[in-house]
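J.: Handing you a structure now.
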Amino acid sequence: MSFVSFESSGHSTYGVWESEQTWLQVPASFQAQYPDLKSAIAANKLGELNAVTRQQGRKVQASEARLLPVIPNPGKILCVGLNYKSHVAETKRADSEHPSIFTRFVDSLSAHNAPLPRPATTTRFDFEGELAIIIGKGGRNIKQTDAFDHIAGYACFNDGTARDWQRHTHQWIPGKNFPLTGPFGPFMATTQEIPDVNRLTLETRLNGEVMQHASLADLIFTLPVIIEYVSGFTPLSAGDVIATGTPGGVGDRREPPVYMKAGDAIEIEITGLGTLRNRVVDAA
């Protein structure tokens with residue numbers, strides 16, 4: 001099962017992803033009970049959502065609607081830094097005993113095919129292809145052995161970063177939170193569709209050139225470790241998003257550096273999760 005959030009005729013809605021060009025809109029009666037995808041996840045209604053939408057949903061063409069971030073309204077967006085050996089090596093940092101965690105704000109999220117605005121105050125706008133976890137069942141102090149029971153699904157994520165702002169101090173948050181710099185999508189595939197994340201491959205392409213390529217099995221801190229650690233200091237809720245880190249190959253660490261500029265096409269592809277595409281524009 002794969003789900004998508006989108007806007008049609010000025011109305012925010014959601015439904016089932018069929019293809020790049022076709023989505024099924026949730027029936028109005030179901031949306032009256034569960035107004036967004038996050039509420040359907042919280043109520044443990046994804047199976048019912050899939051069934052009723054496939055039976056009664058309206059077919060929507062991509063040309064008549066626009067995608068939203070998979071979860072447009074997460075309560076929390078938590079991101080893991082330095083979580084692939086290849087990325088740690090290129091940054092020349094020491095290994096860490098615990099995951100490096102920073103936060104994103106909701107207004108920093110964007111969608112598949114949306115313009116990706118390069119902040120006017122940076123010349124060092126970088127890409128970071130990542131796997132995002134969408135929390136299904138909330139909890140606190142979740143054990144690693146139970147972690148996958150708390151995951152609703154997965155999606156592609158691009159942690160677009162203003163590197164100069166990231167390095168103003170030791171706190172990374174400013175460089176990670178310019179508006180609309182975190183594309184998230186195109187859809188969420190459930191854990192039924194992705195039974196083993198270790199078999200997934202992540203690839204980032206800039207103007208068709210492969211910049212990052214890695215197996216999700218290369219994560220330093222696995223998904224259960226991340227969920228146990230994060231839920232140890234904050235309660236997780238349905239619809240919360242965790243971006244799990246980026247592999248080596250980021251533009252900032254290349255010789256010479258490669259940064260995104262207006263007109264560039266950036267793609268994040270993960271096995272079974274489609275391809276997240278955006279065109280870079282100069283922010284107003």
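The values are calculated or read from the model by the stated rules, or taken from the named source; none is laboratory data. Only a predicted model underlies this, so the values are computations on that prediction, with no experimental measurement involved. Note that each Cβ is placed from the backbone with ideal geometry, even for glycine, and that neighbours are counted across all protein chains shown.
J.: State yes or no: is ASP159 crowded, with 20+ Cβ neighbours inside 10 Å, out of contact with any Leu (no Cβ under 6 Å at 6 or more places or on another chain) and not aliphatic (A, V, I, L, M)?
T.: Working: crowded, with 20+ Cβ neighbours inside 10 Å: yes; out of contact with any Leu (no Cβ under 6 Å at 6 or more places or on another chain): yes; not aliphatic (A, V, I, L, M): yes.
So ASP159 fits the description; yes.
J.: Something else now. Are there any pairs, at least 6 apart or on different chains, whose C-beta atoms fall under 6 Å, with the first in the range 25-38 and under 19 Å from ILE134 (Cβ atoms) and the second crowded, with 21+ Cβ neighbours inside 10 Å and not small (Gly, Ala, Ser), and if so, which?
T.: Between residues of the range 25-38 that are under 19 Å from ILE134 (Cβ atoms) and residues that are crowded, with 21+ Cβ neighbours inside 10 Å and not small (Gly, Ala, Ser), the close pairs are VAL26/TYR14; VAL26/THR53; LEU37/PHE3; LEU37/TYR14; LYS38/ILE71.
J.: Further, regarding this structure: Mind checking whether some residue in the range 40-53 is at pLDDT below 95 and buried (at least 23 other Cβ atoms within 10 Å of the Cβ)? Lay out the reasoning, then the answer.
T.: We begin by selecting, within the range 40-53, every residue at pLDDT below 95; these are none.
No, that holds for no residue.
J.: Is it the case, given these coordinates, that THR145 is hydroxyl-bearing (Ser, Thr, Tyr), more than 16 Å from LYS76 (Cα to Cα) and not in a helix (DSSP H, G or I)?
T.: It is false that THR145 is hydroxyl-bearing (Ser, Thr, Tyr), more than 16 Å from LYS76 (Cα to Cα) and not in a helix (DSSP H, G or I).
J.: When you go through THR201, THR222, THR244 one by one, which is the residue that is under 18 Å from the mean Cα position of the chain (by Cα), under 16 Å from GLY274 (Cα atoms) and not basic (Lys, Arg)? Before you say what the answer is, go through the steps one by one.
T.: Values: THR222 fails: under 16 Å from GLY274 (Cα atoms); THR244 fails: under 16 Å from GLY274 (Cα atoms).
On inspection, the qualifying residue turns out to be THR201.
J.: Only residues in the range 187-198 that are within 21 Å of THR22 (Cα to Cα) count as the first member; pair them with residues that are aliphatic (A, V, I, L, M) and in a loop (DSSP other than H, G, I, E, B), Cβ under 7 angstrom, at least 6 apart or cross-chain, and list the lot.
T.: Here the result reads PHE187/VAL70; MET188/VAL70; ALA189/LEU273; THR190/MET1; GLU193/MET1, each pair linking the range 187-198 to a residue that is aliphatic (A, V, I, L, M) and in a loop (DSSP other than H, G, I, E, B).
J.: I need the full set of residues from the range 141-186 which are out of contact with any strand residue (DSSP E or B) (no Cβ under 9 Å at 6 or more places or on another chain) and free of Cβ contacts under 8 Å to residues at least 12 places away in the same chain, in order please.
T.: Within the range 141-186, ARG167, HIS168, THR169, HIS170 meet the criteria.
J.: So, one more: What is the number of the single condition among (1) part of a helix (DSSP H, G or I); (2) touching a helix residue (DSSP H, G or I) at 6+ places or on another chain (Cβ under 7 Å); (3) not hydroxyl-bearing (Ser, Thr, Tyr) that ILE242 does not meet?
T.: (1)
Okay, residues lined up against (1) surrounded by 20 or more Cβ atoms within 10 Å (Cβ to Cβ); (2) aliphatic (A, V, I, L, M):
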| residue | (1), (2) |
| --- | --- |
| ILE220 | no, yes |
| LEU236 | yes, yes |
| PRO247 | yes, no |
| GLY251 | yes, no |
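J.: Specify which of the listed residues (ALA89, ALA51, ALA32) is in the same structural domain as LEU236 (by TED's automatic domain parsing) and in a helix (DSSP H, G or I). Please lay out each step first, then the result.
T.: Values: ALA51 fails: in the same structural domain as LEU236 (by TED's automatic domain parsing); ALA32 fails: in the same structural domain as LEU236 (by TED's automatic domain parsing).
Only one candidate qualifies: ALA89.
J.: Are any residues in the range 8-34 surrounded by 21 or more Cβ atoms within 10 Å (Cβ to Cβ) and β-branched (Val, Ile, Thr), and if so, which ones?
T.: If the condition is that a residue be surrounded by 21 or more Cβ atoms within 10 Å (Cβ to Cβ) and β-branched (Val, Ile, Thr), then THR13, VAL16, VAL26 are the ones that fit.
J.: Within the range 255-275, identify whether any single residue is among the small types (Gly, Ala, Ser), touching a strand residue (DSSP E or B) at 6+ places or on another chain (Cβ under 6 Å) and closer than 21 Å to VAL80 by Cα, and answer yes or no.
T.: Scanning the range 255-275 turns up no residue that is among the small types (Gly, Ala, Ser), touching a strand residue (DSSP E or B) at 6+ places or on another chain (Cβ under 6 Å) and closer than 21 Å to VAL80 by Cα.
J.: If a residue must be over 15 Å from SER63 (Cα atoms) and either touching a residue at least 40 places away in the same chain (Cβ under 8 Å) or not polar (S, T, N, Q) (or both), how many such residues does the range 12-24 contain? Don't jump to the end; show me each part of the working.
T.: Going residue by residue through the range 12-24, those that are over 15 Å from SER63 (Cα atoms) are 12-16.
Filter again for either touching a residue at least 40 places away in the same chain (Cβ under 8 Å) or not polar (S, T, N, Q) (or both), leaving 12, 14-16.
The qualifying residues number 4.
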